[in-house]
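The values are calculated or read from the model by the stated rules, or taken from the named source; none is laboratory data. The model shown is predicted, which means the values in this text are computed figures rather than measured ones. Areas reflect the complete protein model, heavy atoms only, side chains present, ligands, DNA and RNA absent. Shrake-Rupley method; radii C 1.70, N 1.55, O 1.52, S 1.80 Å.
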Amino acid sequence: MALEPAASSSCEAWRRFPVRRIEDLRNAVLGADLEAMQMAGPPPSGSLAFRASRGIVFSTGLIDGKVDLRGALAEDAVTLMLCLTLGSGSRLWLDEAKVGEAVIVMPRGELDAIFAGRSAYVAATLTEDRLRSEVAGSGHWGDYGTPGRAIIRRATIPSPDLEEIRRQVALIHQSASHAVRPGLDSATLRLLIGRFACSSSTSDTFRSSRKAGIVRQAREYIHENLAAPIRMSNLVLATGASARTLHRAFKDILEETPQGYVRRARLHRVRRDLVSRRGVICTIGDAAARWGAGSDPGRLAVRYRELFGEKPSMTLATARSRSRQTEWM
């Protein structure tokens, strides 16, 4: 990820990075190292930006495309996230996401987000002690959940507040020189704290629809067993749902079949091997065989190019070139 200079000296030291590859979105929330999967459509584009202030790390993303971001956000920190704009089909924990929705993820809790179309968000990551300090300073109180659990609140942020934050975040993601209003980060944090404090309507993210629960169970099985053969019968046993119900749940939630999801997940694992240091010593055939995608090299190359916009050989050549450049530095 190539660093771009901040838009101007008045940008509160925000650092902006362009999104050129799906791997760039592993840092969608700084320090999280998420598993990023590209879904149907063109490769993602947009930008990420970060700022550290008073022991709090702020992250924001403007993403064009449809991507699936999953994984633990922080081992010992809390992350609060606000959805600013969302394209049709965006989801949080496989439930429909809404503009203005705020999410809090406790330490060791995992994010599960699908951003579709043109989506933007802003997030703050801080320790639990710092959160308590900020809550006390704001005059609020609240139950922010327990470690390993994620809490989502489906409430509308006041329109004037949301619009101003959205406008300022949009300026951060523009390449032209723009001044960002001082105090954007602290104002955003105060707004998020206020939405979660003193609330009896905060709900557990994992209490979702039956279809979302079925897809969640199936995805967990798929990602744990990608290197082995995965048949519909395996998913039926893993979820307790019929093949017809599974198919319908995947189409409604992820807009693809279970078999299509498995193929795409394997293509991402192949790509991960090719772009990592493993790619320096392995071949495309090695990576494909490792993830159960090596039975038809020609079909693999076609599907890989359809998903990522380049041949596997190009991915591998780029990774090896970067590795050599690093060795010379």
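Below, the figures for the structure above:
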quantity	calculated
Segment A227-V302, extension gain: residue separation times 0.36 nm, minus the distance between their alpha carbons	24.9 nm
Segment T318-Q259, extension gain: residue separation times 0.36 nm, minus the distance between their alpha carbons	18.3 nm
Cα gyration tensor, segment 35-97 - rounded (a/c under 1.5), prolate or oblate	prolate
Probe 1.4 Å, protein heavy atoms only - accessible area per residue of segment 12-128 in square angstrom	31
Contour minus Cα-Cα distance for A72 and D252 (0.36 nm per residue)	62.3 nm
